[in-house]
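Worksheet for the structure shown next.
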Amino acid sequence: MNTVGLALAEALHLIAGGDAKLVAIVALSLRVSATSIVVGTLVAMPLGALLAVTSFRGQRAAIVTLNALLGLPSVVVGLAVYLLLSRAGPLGSFGILFTPAAMVIAQAILVLPLIAALTRQAISDAWQETREQLRSLGAGPFASATALLWDLRFSLVTIVLAGFGRAVSEVGAVMIVGGNIDGVTRVMTTAIALETSKGDLPLALGLGFVLLAIVLALNVVAHLTREAVQRHHG
């Protein structure tokens, strides 16, 4: 059996045997990404909804800017967060650089434009159909946004799942602000990069398989959720 074949076999053995190092890395990845999604969603969804139901001067520019931020490079976000959290930065006194908290901040900033933009689009479509009804009931922007977010809550689950997929697959920002410290800030993507460069293919392949499985599971759940919503409205 060649080297790749041996590495593949050992990777599957690590997964099947629940290797402690692999499990710890996966658990930290999921914890950091889940926390960042909660933080990002709490900010992004109300922002996207309000942007959809409120008319103001400069609204189009705000929407264009939000959409442009979808292509924001992760390394740029990592650099910005690093400068904020470094000892010489304005938030350096908190001492959270190279900790999971810094990684949560970076990932939350990364997923915020994605969740906000997709939420704005979903709410905007619903707003066109319900605007007159909500206005006749005396609902202001905040009440309208809240009502539409609640009404579309099941559809918005797919947006959250998309954000989680973006967060858990990210490498650049978390590498910069987390430092890829073994047992502290090493997540799946940074570990794969490091172990591959070191030539430790079994662990890199094992983590790669787990990451692919997570992304695939997210897509399956998102697809099933969309189908359930369509059947409900149908």
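With both labels modelled 7 Å from their Cα along Cα-to-Cβ, the A68 to A9 distance reads 5.5 nm. Grouping the Cα pair distances of region 146-215 into 10 Å bins from zero gives a pair-distance distribution of 19, 39, 22, 14, 6, 0 percent in increasing distance order.
What does the charge count near R186 come to, summing +1 for each Lys or Arg and -1 for each Asp or Glu among other residues with Cβ under 12 Å from its Cβ?
Result for the local shell: -1.
Among L85, L216, the ranking by other beta carbons within 10 Å of each residue's beta carbon, starting with the fewest, stands as L216, L85.
Going from the residue with the fewest nearby Cβ atoms within 10 Å to the one with the most, S29, S36, S155 rank S155, S29, S36. The charge dipole of region 3-229, taken about its Cα centre with unit charges on the Cβ of Lys, Arg, Asp and Glu (plus for the first two, minus for the last two), comes to roughly 580 debye. Based on the Kirkwood approach, the hydrodynamic radius assigned to region 18-74 is 14.1 Å, with every pair of different Cα atoms included.
The equivalent ellipsoid that matches the C-alpha gyration tensor of region 96-234 spans semi-axes of 39, 19, 9 angstrom, in descending order. Histogrammed with a bin width of 5 Å, the alpha carbon distances of region 3-229 distribute as 1, 7, 13, 15, 15, 14, 12, 9, 6, 4, 2, 1, 0, 0 percent, first bin at zero.
Quick one: order S144, S33, S169, S74 by neighbouring beta-carbon count within 10 Å, fewest to most.
So the residues, fewest neighbours to most, are S169, S74, S144, S33.
Throughout, read-outs are computed from the coordinates displayed, never taken from laboratory work. Every value quoted in this text rests on a predicted model; they were computed, and no experiment measured them. Ideal geometry is used to build each Cβ from the backbone, glycine not excepted, and the neighbour counts take in all protein chains shown.
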